[in-house]
Protein chains: 2
Amino acid sequence: MDLTLVAIILGLLAVLYGFVTSRQVLGSDAGNAKMQEIAAAIQEGAQAYLKRQYTTIAIVGVVVAVLVALFLGPVPATGFVLGAILSGVAGYTGMVISVRANVRTAAAAEKGLQQGLTLAFRSGAITGLLVAGLALLAIAGFYYYLTAIAGHSVGGTDRTVVDGLVGLAFGASLISIFARLGGGIFTKAADVGADLVGKVEAGIPEDDPRNPAVIADNVGDNVGDCAGMAADLFETYVVTVGATMVLTALLLKNAGDMLAPLMALPLLIGGVCIVTSIIGTYFVRLGGSTNVMGAMYKGFLVTAVLSIPAIYGALTMALGDMGALIGAEVISGAASTNIDGTLVTEGVAEVVGGFTGMDLFWCSLLGLAITGLIIWITEYYTGTSYRPVRSIAKASETGHGTNVIQGLAISLEATALPTLVIVAGIVVAYQLAGLMGIAYSATAMLALAGMVVALDAYGPVTDNAGGIAEMAGLDDSVREKTDLLDAVGNTTKAVTKGYAIGSAGLAALVLFAAYTTDLKEFFPTLDVNFSLENPYVIVGLLLGALLPYLFGAMGMTAVGRAAGDVVKDVRDQFAGDPGIMAGTSKPNYARTVDLVTKAAIKEMIVPSLLPVLAPIVVYFVITMVAGQQNGFAALGALLLGVIVGGLFVALSMTAGGGAWDNAKKYIEDGHHGGKGSDAHHAAVTGDTVGDPYKDTAGPAVNPMIKITNIVALLLLAALAG
Amino acid sequence: MDLTLVAIILGLLAVLYGFVTSRQVLGSDAGNAKMQEIAAAIQEGAQAYLKRQYTTIAIVGVVVAVLVALFLGPVPATGFVLGAILSGVAGYTGMVISVRANVRTAAAAEKGLQQGLTLAFRSGAITGLLVAGLALLAIAGFYYYLTAIAGHSVGGTDRTVVDGLVGLAFGASLISIFARLGGGIFTKAADVGADLVGKVEAGIPEDDPRNPAVIADNVGDNVGDCAGMAADLFETYVVTVGATMVLTALLLKNAGDMLAPLMALPLLIGGVCIVTSIIGTYFVRLGGSTNVMGAMYKGFLVTAVLSIPAIYGALTMALGDMGALIGAEVISGAASTNIDGTLVTEGVAEVVGGFTGMDLFWCSLLGLAITGLIIWITEYYTGTSYRPVRSIAKASETGHGTNVIQGLAISLEATALPTLVIVAGIVVAYQLAGLMGIAYSATAMLALAGMVVALDAYGPVTDNAGGIAEMAGLDDSVREKTDLLDAVGNTTKAVTKGYAIGSAGLAALVLFAAYTTDLKEFFPTLDVNFSLENPYVIVGLLLGALLPYLFGAMGMTAVGRAAGDVVKDVRDQFAGDPGIMAGTSKPNYARTVDLVTKAAIKEMIVPSLLPVLAPIVVYFVITMVAGQQNGFAALGALLLGVIVGGLFVALSMTAGGGAWDNAKKYIEDGHHGGKGSDAHHAAVTGDTVGDPYKDTAGPAVNPMIKITNIVALLLLAALAG
């Protein structure tokens, strides 16, 4: 049977899982009338926001689709539209499940902690497996259509398949940056605004129904942390697996009979890991203890361990003999398309080794190990049991200033271990199987996306459940349980972001290799010098590293500005109707939701276009000044500059934000004076600062890096065509 | 006359200026007995700290000197010791002047604003010209000794001169990172600690004599902002001018008769700009207005404008015919030592253009223009008249959280324009005269160091003067005048840091070129691949970019920890003797100074050794895993990674910190509720956060970058020898 079809079937299995499990979730108790009323308000707000967001994105999307069609032809444009629509579907569906699971989780938590965990985690698993399944279906389906139905071949001079896959990745990336950033601005503007005017000014607790911004805050969890995150991971999956296939098509084009199974192999790995992810979800149980993080780990470990034989099986199925050398004969035949991308000085013969199926297996295992290590490091930096979070909590005793200083110190420090892990991953994978090794490590990382996203998507559901319990006036014991469930949410949310940006570190090398290989193919006579000795390479690196800074600045400013608007609106509502604070009249929740919606949509446009336009501007300006070959050199360096700069910006922001949030929770648990103490006030400030760090600017760096890379690939194709 | 001797004479002129002007400053009224008593306490504390700091550094220095002597021989070791000692002299002398000028400035401000400005600026100018003069004397004197007296030649196979200059730079850099970091930790631990426990907890104003940490805070201004800064700029000068000479010796070794004047030319440019800097200092006057920044600008502009003909004169004096081509014949003769460092594929003949004296003149002008632009951009981001600072002040209205969010957003944004200026500088200079063009732009930037440091060193003097006026109970009008003088201090301090890191951006390319040239000379058979296509290059870039993050984390943590100690000590003193708060008994200032001293010394060691050890570890680990040529490739990439990462860390921290500080000042001037308002409290938090950003972690990145580069050069020489 065609391996791609197997992958498609496994992708459909994920969708089936989502369908069946969502019926279970939706069939459970939806709580009392008051709870349902609150949930309906959140649903309505989230739907209204996403509708407006996707309408705006659609306008940009249509313009870009037309441009892609004009410059690159109908297939890339179709890929773009497909990627864009499925990214939207992944985000939207995630939100739909999430806004229905929240109230049901609150109701289930009335019965017990395990019940609450089961319901919340199942709804997270639906999102997780839909993201992985839809992403796999998008690539596998489109690839199957192009090759088996439309009859395009890989490996010859026909570039249709490669261009189509790049177009697909572009669609997924472009939508996801808008969704990540728009959702991120929405959720944090509402959260920061609600906290500032509620907790700080009016002195009412979090999630108090008298706060007009409280529904907006809960809507934000769904459109940002759920829908935005889902779109982001959909993008990461499509780009990483797609890049591995593109690199295979470019580097191994002469592999003959092996080319077809090699192209399908990344899809197959994704497919078998969907099965292991589904199995893993059933192992997330407390087993008598109250260690929620432990329950999560059980599920992840089962998935990771089962994935080892599953990936081995996939490799054997595709390659047959695991010891046979792949690639070596290709190199000896064609010196210009060498397998590992090292610069071979022209005229100098160099022997480059190929790789075996076993090498790819070890590289895949390396990817699983990197994922595990990143989870472990993230828990260390954001969990309440370890030095970093506790040091921030302790620094809160001496005030707001020292809390923020220590938080910033931790955020800077938190970049070190993940970077060392990624660097070690690059070195080992490259030693094992060259660039293809790095690509397989990244692919194996993403193959676990179903499980990783499940852990993350669980967070906003429990967060909302707590809010609903508070607003509906449920017994305090319910809120205690949802708080217990929510406590690990900060860590799991940080995990996904570290995981996404970590995989981007590997994928960036793969995308850069695709860029240089394409460049050689499209402009064979141009001697582009990517050496660090070429000052235009330094120029490109510096400009690339600047992008995440500028992007982060825009995201942070947007949140600050929109949060300020929220504060003003809430103040107005309080001033206009004293009955709100007295609890006798209801605030106008919809007005605040509407205000944040407009602000988020307006603010997401310019920063999202930055990574689209920057590569084009840099190429043309440097070409004008120093010739086309330096234009291409600077553009290539820009692609790596954006990951060299962006990796640190993203890691520091997401880990730092998580640590600040949990330092606050740690104090609220009764340490350093507990709730209401001076240390707590300082910790609330730190949490507020961390909010746009971890949920707006930081995570959006990941799709930004990809877009820059993909735009460069498309620019190359457009210039050549 | 020997051009080097001319430079030496001009360097001596700077020292003479320092001597004469310091007699003027010391001869002026030193205030009443109470003021002198306070000043004496500050002096004593500063002297005690620096004594202990330099003793500790000396121990490290002796160990390193022995290692340098063992691995590289006596000349580099002598250079190292010379650079180290003169760096210490520059820092120490700056402090000596500063602690005596502070009380005299307070006394002069009693007479009038112009009198205060004149005295404070003169003392700044002494430090500025001593830094530039001593740096010039160090290089010119050592170079003269090596060539004219010891008889070593440049351009042949004798590497003594090059190795000696690199050793000199290493000495300057190693001392300066300790001084910058140690002083930075001292000043900010004292400042943050004093503010937290004084302003926030006890509710007493800044510089209140009842605060036991108040003398430590004032000591900090002198040992950090003055001595540390002076050592830093001394280092920047020595490394930049030294690197230009090293590059000349390596690239233009076959220039024959032109080589000697080309070697002396950077020294001569430095020399003539000492004259223009001295002239400029006499133009810093208010001229009836109260625009202190305007007075500063006048002085700088006079220096910059006069430097244009002065540099032209220096070029003509050295080169004679400004239109004659330099370098072109060298290239045609020896393809492997091409002038601009572009990778020439072996066996392919490439014609590389030389450059003329006029080209170097335009590049020097470019350096002056970059300096002017960086000053202008820094003023925009840190001055109270523009959007950035005002946006932070406005965000303070909604609390601590939004103040910090907006401050972080501004700090991220503030990297963009300087980066674009540096990138444009690289492109234009390279177009004009290749790598030598970039080196001359950087040299011309540093030639203005006398003036730029003067503007900076003025700041801590006025800051101290205000403190003394407050503590001595002088009339409020005096404090108002010192506040007016001090207000521009935040901007001028930020300017120097932006200037230093900006020049490092250019110098890094020069140092990298020295590295690659040395590599080819020492290991001619090794084909090191610096292309971005080599994954070990990416590994090096990532590890290099990590260094400033890790370094920043250590610096921030150190300040937080030491400030916490200060808070505890002050609390103890308040609790132990209620008479302190009542004003009836004197706090034990010396105890706090001593505590901060010990903490700063202890905390500066490990982060300072990071850039020394990192290149060595990376080289050996990668060599072990992937062979020596990849070890050298990763090491080279590390050098550029540290600037690509460090430029943004340093720019964002120094500009952001300055903006936070001035946002607080802006509110204190009566905006957004003024002193004591909620906005003011939030702004104090922002200022506290900005303190270690701008005065500890941020500025120390500059020497860190240099050390990494110099250690790599020394490692190469050691491996070859």
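The values are calculated or read from the model by the stated rules, or taken from the named source; none is laboratory data. Nothing here was measured: the structure is a model prediction, and the numbers come from that model. Glycine also receives a Cβ, built like all others from the backbone with ideal geometry; neighbour counts cover every protein chain displayed. To get the accessible areas, we keep the full protein, side chains included, count just its heavy atoms, and leave off ligands, DNA and RNA. Shrake-Rupley method; radii C 1.70, N 1.55, O 1.52, S 1.80 Å.
Before moving on, here are some points about what is shown:
- Taking the conditions (1) within 24 Å of the chain's Cα centre (by Cα); (2) buried (at least 21 other Cβ atoms within 10 Å of the Cβ) in turn, A:Val75 satisfies each one other than (1).
- Qualifying residue in the stretch A:605-612 (condition: open to solvent by 10 Å² or more (accessible area, probe 1.4 Å) and within 12 Å of chain B (Cβ to nearest Cβ)): yes
- Any hit, the stretch A:478-494, residues being more than 29 Å from A:Gly656 (Cα to Cα) and either open to solvent by less than 10 Å² (accessible area, probe 1.4 Å) or of a type in the set (Phe, Trp, Tyr) (or both): yes
- For beta carbons closer than 9 Å, sequence separation of 6+ or different chains, a first residue in the stretch A:201-220 that is assigned to a loop (DSSP other than H, G, I, E, B) and a second that is acidic (Asp, Glu) and surrounded by 24 or more Cβ atoms within 10 Å (Cβ to Cβ), the qualifying pairs are A:Glu206/A:Asp195; A:Glu206/A:Asp217; A:Asp207/A:Asp217; A:Asn211/A:Asp217; A:Ala213/A:Asp191; A:Ala213/A:Asp195.
- Only one of the numbered conditions (1) surrounded by fewer than 16 Cβ atoms within 10 Å (Cβ to Cβ); (2) facing another protein chain (nearest Cβ under 9 Å) is violated by B:Gly576, and that is (2).
- Restricting attention to the stretch A:188-241 and to residues that are more than 25 Å from A:Ala494 (Cβ to Cβ) and among the acidic types (Asp, Glu), the residue that is surrounded by the fewest Cβ atoms within 10 Å (Cβ to Cβ) turns out to be A:Glu201.
- Tally, over the stretch A:570-585, of residues that are touching a residue at least 24 places away in the same chain (Cβ under 8 Å) and outside any helix (DSSP H, G or I): 1
- Residue satisfying all of: in the stretch B:410-420; in contact (Cβ under 8 Å) with a residue 12 or more places away in the chain, at the interface with chain A (Cβ under 9 Å from one of its Cβ atoms) and part of a helix (DSSP H, G or I); farthest from A:Asp691 (Cα to Cα) among these: B:Thr419
- A:Val559 vs. criteria at pLDDT below 90, under 18 Å from B:Ala395 (Cα atoms) and open to solvent by less than 10 Å² (accessible area, probe 1.4 Å): no
- In the stretch A:3-16, the residues that are under 25 Å from the mean Cα position of the chain (by Cα) and open to solvent by 20 Å² or more (accessible area, probe 1.4 Å): A:Ile8, A:Ile9, A:Leu10, A:Leu12, A:Leu13, A:Val15, A:Leu16
- Inside the stretch A:147-179, residues that are farther than 20 Å from A:Leu716 by Cβ and touching a residue at least 40 places away in the same chain (Cβ under 8 Å) make up a count of 7.
- Whether a residue is in contact (Cβ under 8 Å) with a residue 24 or more places away in the chain, over 22 Å from A:Gln406 (Cα atoms) and surrounded by 24 or more Cβ atoms within 10 Å (Cβ to Cβ) was assessed, and B:Gly182 does not pass this test.
- Residues that are of a type in the set (D, E, K, R) and either more than 14 Å from the chain's Cα centre (by Cα) or within 12 Å of chain B (Cβ to nearest Cβ) (or both), drawn from the stretch A:489-519: A:Asp518
- Residue in the stretch A:661-682 that is in a helix (DSSP H, G or I), out of contact with any helix residue (DSSP H, G or I) (no Cβ under 8 Å at 6 or more places or on another chain) and not aromatic (Phe, Trp, Tyr) present: no
- Boolean, A:Val567 is modelled with pLDDT under 90, part of a helix (DSSP H, G or I), closer than 18 Å to A:Val214 by Cα and within 14 Å of another protein chain (Cβ to nearest Cβ): yes
- Single residue of the stretch A:391-401 satisfying the filter (at the interface with chain B (Cβ under 7 Å from one of its Cβ atoms) and either out of contact with any Leu (no Cβ under 7 Å at 6 or more places or on another chain) or at positive phi (or both)) that is modelled with the lowest pLDDT: A:Gly399
- Taken residue by residue, the stretch B:526-546 has no member that is over 15 Å from A:Asn534 (Cα atoms), surrounded by fewer than 24 Cβ atoms within 10 Å (Cβ to Cβ) and of a type in the set (Gly, Ala, Ser).
- Qualifying positions in the stretch B:382-391 - out of contact with any Ser or Thr (no Cβ under 9 Å at 6 or more places or on another chain) and in a helix (DSSP H, G or I): B:Arg387
- Boolean, A:Gly151 is open to solvent by 30 Å² or more (accessible area, probe 1.4 Å), within 25 Å of A:Val6 (Cα to Cα) and not in a helix (DSSP H, G or I): yes
- When A:Gly631, A:Gly636, A:Gly627 are checked against the criterion of being facing another protein chain (nearest Cβ under 10 Å), open to solvent by less than 40 Å² (accessible area, probe 1.4 Å) and not hydroxyl-bearing (Ser, Thr, Tyr), A:Gly636 stands alone in meeting it.
- Yes/no for B:Gln43 being open to solvent by 60 Å² or more (accessible area, probe 1.4 Å) and farther than 17 Å from B:Ala140 by Cβ: no
- Contact map, the stretch B:541-563: residues that are more than 7 Å from chain A (Cβ to nearest Cβ) paired with residues that are assigned to a helix (DSSP H, G or I) and of a type in the set (Asp, Glu), Cβ distance under 6 Å, separation 6+ or inter-chain. Pairs shown: B:Ala558/B:Glu603.
- Among residues of the stretch A:674-683, those that are within 9 Å of chain B (Cβ to nearest Cβ) and buried (at least 24 other Cβ atoms within 10 Å of the Cβ), counted: 1
- Residue within the stretch B:55-75 that is touching a residue at least 12 places away in the same chain (Cβ under 8 Å), of a type outside the set (D, E, K, R) and closer than 26 Å to B:Ser123 by Cβ present: yes
- Test: A:Val404 is more than 9 Å from chain B (Cβ to nearest Cβ), touching a residue at least 24 places away in the same chain (Cβ under 8 Å), in a helix (DSSP H, G or I) and under 27 Å from B:Ala558 (Cα atoms): no
- Meets criteria (buried (at least 24 other Cβ atoms within 10 Å of the Cβ), in a helix (DSSP H, G or I) and more than 7 Å from chain A (Cβ to nearest Cβ)) for B:Ala424: no
- The listed residues are A:Val618, A:Val559, and the only one of them that is in a helix (DSSP H, G or I), out of contact with any Lys or Arg (no Cβ under 6 Å at 6 or more places or on another chain) and either farther than 19 Å from A:Ile57 by Cα or charged (D, E, K, R) (or both) turns out to be A:Val618.
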